[in-house]
Every structure is written in C-alpha cells, then in structure tokens.
Amino acid sequence: MKDFFQFAQRRTSYKQETLAGITTFLSMAYILVVNPMILSQSGMDQGAVFTATAVSAIIGSLLIGLLANFPIGIAPSMGLNSFFTFSVCIGMGIPWQTTLTGVFIAGILFILLSLFKIREMIINIIPEDLKYAISGGIGFFVAFVGLKNAGLIVGNSDTVVSIGDLSKPTTILAIIGFVITVMMMVRRIGGAIFYGMVITTIIGIIWNVIDKPTHIIGAIPSMSPTFGVVFHHLDQVFTPDVLAVIFTFLFVAFFDTAGALIAIASQAGLIKDNKIPNIGRALLADSTSIVVGSILGTSTTASMVESSAGIGAGGRTGFTSIIISGCFVIALFFSPLLSIITPEVTAPALIIVGALMAAEIKHINWNKIEITFPAFVTIIMMPLTSSVATGIALGFILYPITMIALGKWKAVHPLIYVLSIAFLAYFVFII
C-alpha cells in the first residue's frame, strides 16, 4: 500500500494521510446539505439528490485517488449546481430531466477530451507564471469564501462588501477557531487544521451556538426518482438553448477543474518542469465522475478546491482521497451528524488554507510587465466574480495581448490564441 501511493517519495504516512482525508471531508461535507437543497428547487427529489451527491463523491474521490494518486476530493460543484437550478431550470424554463441530460452529454465530451489528451495538453501549455497566478487566485477566492462563511465579510449595498457583526455568536466562534488553528500551526502541530475544526465544534456545542444532533443514524434515501433519468431524455438536448447550456457546463467545469488541479498540485509540490504527473489520469477520473453523477442524479461534479484544506493538513497522495471516499460512505448512514459541520466550523480552515495558497504568487515574475497584468487580472477576478473559470479566462485573453504588444507573439503557444478567441466568444455570446 505504501509503495502504491508512494509514501516514501512524498514524505507522508498513514496517520498524516488519514487526518488530511478527514480534514478535506469536513471542509466539503456541507455539499451533502447544500446540493440537495439547491437542486430540489429545480423540482428534483431532495432525498434522491442527497444520496446521489454522496455516492458520486464516493466514486469520484476513489477514482482520482486510485488512478492518479492525487489527494483530492470530488463532489458536485457549488457554482454549477446554482447554474443548473437558477439559470437553466428556473431562468430558461428547461426541465431538470433535460438539464441533467445536458450534464451527461458534457461529461461524455469531457471523457473524450481526456482520452485524446486535449485537456492535459491545454493544462500543460499554460505558462508557468499563470499557473502560479491561478493557484494564488484560488487561494484568495477560498479565503474570501471562508471570511464570508464566518460572517466577517458581509454584503453592503454601498461598498459591495464590508466588515460583519463581530458580536454575532457564530462569528465569534469562527474567530476563536481561526486563532486556535493558527496557534497550533505556528507551533508546527501536525493535523492542526483538523484539530482546529474539532475544537471549534466542541466549543460551539458547549456555547449552544451549534445544535446537538437529535439522532445519530438516519435512513439512506432512495435514488429511484433521479437514477437513470438521463437515458430517457437524450432526444431533447439538440435544441439551441440546451446546446448552449451544454457548452457552458463544459466550459466552466473544464477550467474550474483545471484551476483546482493546478492549485492543489502546486500546493502539494507535485508540479515538475511545469507539468503535473498523472494529470491525464486525474482528468479522466474527474470527467468519469461527471457522467456517473449525472446518471445517479446530481449536477456536474468537479475537483473540490476545499481539498486544499487536506493538503494543508499534510495530504500528499491518493490515500487521502480514499479516506475522503470512506468518510462519504459513513456519512450516508450518519447524515444527522452533518448538522454540526456548520460554515463557521470550516471557515477558519478555508481562510488559513487560502493564505497558504496565496503564497504561490511569490513565484510570479512581477518584474516583467507583460506577466504582471495577466497574472493580476487572473488573481483578482476569481474572488471578485466568485468564479475560477472567469479569472482564468480573463487572464488567458490578456496574456497574448501583452505578449503581442511586446513583440513576443511567437513565444505564445498557438493554442493559447485559440483559447483566447474562444473565451472572447464565450463572454460575447453566452454570458
């Protein structure tokens, strides 16, 4: 087992990987509550979506751990489940069955792009500076999500965002959790992020900020209302509206996943010579999970940026993903316990991990003006638009422009120009 997951080469252990897996699971466990809640508003059965969410996470995380040896959790994407429900089903009036079939078609296309190594090629030709910008940008994005979940940052009609109510009990709990975790990390205590979440949860229960679960074990809902629905609506996807939806699923998921994989691989120290080992297998696992998830009955799955919490706790191999998968199996039976994993509990981990990921920007050649602007736009637009894909797209558009202006247009890979045009078309005709 140690040889298969390369424990010695990656300087890790069973204890370190297990703590990392549990940490990542706790950071992304909210998806078991939030995903069914969001998709049920499209008309889908909430219980069926809960089970589909868990099973897709089990299969996806298992695949990427075994095939690619990556410490990553896979689960339904938060941004794409909102797009599924509010933009497509409610906004465009497309039935959830047809929309789910669109996710299935996008997943099939993903598998083909992965098998022909097109996705791998695109990721490998991204300039090294932009890879660091993507990693840093996701760090700021993750930290912003953590600050928002903690209640430290709130919406403001005049300034867009502002400081939250620091006297609010849940916000105080998040602040205490943050301080405790930082103190443990400064003292180099292994598994500090995981222990921080456990301590924060206990404090929250003692203060009655977090409700105690009414019971521990719950029945597993049936997936029959959603399972296999995609096969009965294949004839309804060949319309202009649905094809545009499929393209959007394809576009956003492609670069959300690419961004997450680049950031996580960089954080784990897996990038060698500007390439990510086993990236092809990771992409195949990721795309396969999209197809599986759509058949089970959930929106597009993706590599979760919350995996960075586990890497921050020491995760370095696919064994971390195996633990994540196992935790989701347990969650199927102990779903009532998920109520104690509140946003305030996971917020400190996201803020801390975001800070660690943001440190990647130190590797960017800031002294080169042609790099500075594309890198900055990539970084800043991720948290400001709440979209990893948008940040990458804008950076891709600006990078060849600055290189052309400097007379270095030959140094830009031809595919970068193609992608820049595709991104422009996306912004003009789709958004």
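Got a sec to turn the phi values of the range 218-225 into Karplus ³J(HN,Hα) couplings, 6.51 cos²θ - 1.76 cosθ + 1.60 with θ = phi - 60°, whole Hz, x for Gly and Pro?
x, 6, 8, x, 6, 9, 4, x
For a quick protection proxy, order the peptides 398-410, 173-185, 293-305 by their average other-Cβ count within 10 Å, most packed first.
Put in order of decreasing packing, that is 293-305, 173-185, 398-410.
Considering Cα pairs under 8 angstrom that are at least six residues apart, work out the relative contact order of the chain and quote it in whole percent.
35
Would you mind working out the accessible area per residue for the range 35-105, using a 1.4 Å probe, and quoting it in Å²?
Value for the range 35-105: 26 Å² per residue.
Using a 1.4 angstrom probe on the protein heavy atoms only, line up 45, 211, 273 by accessible area, largest first.
If we order 45, 211, 273 from most to least accessible, we get 273, 211, 45.
Check the straight Cα-Cα distances from residue 15 and name the lysines below 30 Å, setting aside those fewer than 8 residues away within the same chain.
The reachable lysines, counting only those whose Cα sits under 30 Å from residue 15, are 2, 212, 272, 275.
What do you reckon, how do 281, 10, 187 stack up by accessible area (1.4 Å probe), largest on top?
My answer, sorted largest first, is 187, 281, 10.
Round to a whole number: what % of the accessible area of the range 269-349 belongs to carbon and sulfur, probe 1.4 Å?
Using a 1.4 Å probe with all protein chains present, the range 269-349 comes out at 66 percent carbon and sulfur.
Near residue 368, which lysines are there with a Cα under 21 Å away, not counting those fewer than 8 places off in the same chain?
131, 408, 410
By the scheme Lys and Arg +1, Asp and Glu -1, what is the net charge of all other residues having a beta-carbon under 15 Å from that of residue 336?
Result for the neighbourhood of residue 336: 0.
With viscosity set to 0.890 mPa s at 25 °C, what whole-number translational diffusion coefficient in µm²/s follows for the range 96-158 from Stokes-Einstein and a Kirkwood radius over Cα pairs?
For the chosen part, D equals 161 µm²/s.
Mark the label point 7 Å from the Cα of residue 232 along Cα→Cβ and return the residues of the range 73-109 whose backbone N is within less than 16 Å of it.
Flagged as within label range: 95-102.
Any idea what log10 I(q)/I(0) is at q = 0.11, 0.13, 0.23 Å⁻¹ for the range 142-241, Debye with uniform C-alpha scatterers and no solvent?
Calculated log10 I(q)/I(0) at the listed q: -0.63, -0.74, -1.21.
For a quick check of understanding: with a 1.4 angstrom probe and all protein chains in place, what accessible area in square angstrom does residue 291 have, to the nearest ten?
Probe radius 1.4 Å; accessible area of residue 291 about 20 Å².
The values are calculated or read from the model by the stated rules, or taken from the named source; none is laboratory data. Not measured: the values here are computed from a predicted model. Positions of Cβ are generated from backbone atoms using ideal geometry, with glycine treated the same way; all protein chains shown enter the neighbour counts. Accessible surface is based on the protein model in full, side chains and every heavy atom, while ligands, DNA and RNA are left aside. Shrake-Rupley method; radii C 1.70, N 1.55, O 1.52, S 1.80 Å.
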